[in-house]
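This report refers to the structure that appears directly beneath it.
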Amino acid sequence: QVQLVESGGGLVQAGGSLRLSCAASGRTFTANTMGWFRQAPGKEREFVAAINWNGRTTNYADSVKGRFTLSRDNTRNTVYLQMNSLKPEDTAVYYCVAALAMSTVQGGRPDYWGQGTQVTVSS
């Protein structure tokens, strides 16, 4: 099992920045591709970004490319989602996810999910 704990959500004005963190524990070697999904009120959950085990490969949803940056610190088993130039449409609950393969994460079927952290962007 892998446990994921998110932090860093909050309220920010449009154009501002936030950084989300996700700390993994447990059998992390079984699910070392990590990423984020988000779900806005009344909408389906959607993929945001993912990073492979060594941080050399990252993938982003088109809606966040150029604004969000995903990185990881394997010494801390933690990934960081730096969110810049935030827009009201970025408002959502953000979920940290993990799986063994990138394709599994991007395909919307990660093995592990965190509890989520709220991000609210005011206009």
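Miscellaneous remarks
- With respect to the stated conditions, Met102 is over 15 Å from Leu4 (Cα atoms), in contact with a strand residue (DSSP E or B) (Cβ under 8 Å, 6 or more places away or on another chain), of a type in the set (A, V, I, L, M) and modelled with pLDDT under 95.
- Residue list for the range 22-46, filter: surrounded by 17 or more Cβ atoms within 10 Å (Cβ to Cβ), in contact with a Phe, Trp or Tyr (Cβ under 6 Å, 6 or more places away or on another chain) and at pLDDT 95 or above: Trp36, Phe37, Arg38
- On inspection, Asn54 does not qualify as in contact with a helix residue (DSSP H, G or I) (Cβ under 6 Å, 6 or more places away or on another chain) and either under 18 Å from Ser7 (Cβ atoms) or of a type outside the set (Phe, Trp, Tyr) (or both).
- Single residue of Ser71, Ser63, Ser85 found to be surrounded by fewer than 17 Cβ atoms within 10 Å (Cβ to Cβ) and under 14 Å from Gly35 (Cα atoms): Ser71
- Set side by side, the residues Ser21, Ser7, Ser71, Ser17 differ, and just one is within 16 Å of the chain's Cα centre (by Cα) and free of Cβ contacts under 8 Å to residues at least 24 places away in the same chain, which is Ser71.
- Within the option set Ala14, Ala61, Ala40, Ala49, being of a type in the set (Gly, Ala, Ser) and closer than 17 Å to Leu4 by Cβ holds for one residue only, Ala49.
The values are calculated or read from the model by the stated rules, or taken from the named source; none is laboratory data. Computed from a predicted structure; not experimentally measured. Cβ: placed from backbone, ideal geometry, glycine included. Neighbour counts: every protein chain shown.
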